[in-house]
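Below you'll find the structure I mean.
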Ligand SMILES: [Zn+2]
């Protein structure tokens, strides 16, 4: 996560760089309020809860951050950091497929929901079920998923997709049979493989996709313009309400 380490000892409020859901990028956030409490104490060992209310200096939206740490926590990586509302930079957006039937569409949506909620075992199991469902829908028979994936070879122009699907089958197996959670980055890759397959068989509706993106971009722009015009009456406010110029791409959040 690209941001300054919070100053836990100094009472001075800080400015930090965190992802803003509204600006859709990492922006400067001003800490407006901070409270540290001792969560528990046992034989001289303390656990703490630090709450900070942060305001995006671009769009002025607020976010509450909670950091849970103890006397032995030496870095931010070891602390448990939560944001309310949750930061959405690792959120995967559903793609519209024009010819996907409702059963497969539900499976796809549920698998993506699991990914976004970090239910990684269920996401892997869902993607595996989706792959089985696609094979069934395309009338590809086989005694197990391996044979069915090989059966897809005749339908696909790109044999690499089949190779990637086998990788993804192993991952689904481990998740379902050994209850081993795959890494979020691996699952993101698996989702892109299955989406390639869905695009080929069920046509990604590019127009719907573009329209949705345009609407989203328009909404963000309108919101920013409104904020800016509201602030122009106060010169000092206008300075902080200027659009954020930094375009750092956020790193994907790993579990
Ligand atoms: Zn913002």
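Working carefully through the options 32, 86, 95, find the one that is in contact with a strand residue (DSSP E or B) (Cβ under 7 Å, 6 or more places away or on another chain) and over 24 Å from residue 169 (Cβ atoms).
The conditions single out 32.
Let me ask another. Can you tell me which residues in region 100-120 are modelled with pLDDT of 90 or more and either touching a helix residue (DSSP H, G or I) at 6+ places or on another chain (Cβ under 6 Å) or buried (at least 16 other Cβ atoms within 10 Å of the Cβ) (or both)?
100, 104, 105, 107, 108, 110, 111, 112, 114
Give the residue that is farthest from the ligand (Cβ to nearest atom), with candidates limited to residues of region 24-39 that are over 16 Å from residue 84 (Cα atoms) and at pLDDT 90 or above.
Filtering region 24-39 for residues that are over 16 Å from residue 84 (Cα atoms) and at pLDDT 90 or above, the one farthest from the ligand (Cβ to nearest atom) comes out as 38.
Here is a further query. Does residue 100 meet the test of being within 19 Å of residue 193 (Cβ to Cβ) and under 17 Å from the mean Cα position of the chain (by Cα)?
Here the answer is no, as residue 100 does not meet what is asked.
The values are calculated or read from the model by the stated rules, or taken from the named source; none is laboratory data. As the structure is a computational prediction, the values presented were derived from the model and not from experiment. When we count neighbours, we look across all protein chains shown, and the Cβ atoms used for this are built from the backbone with ideal geometry, even at glycine.
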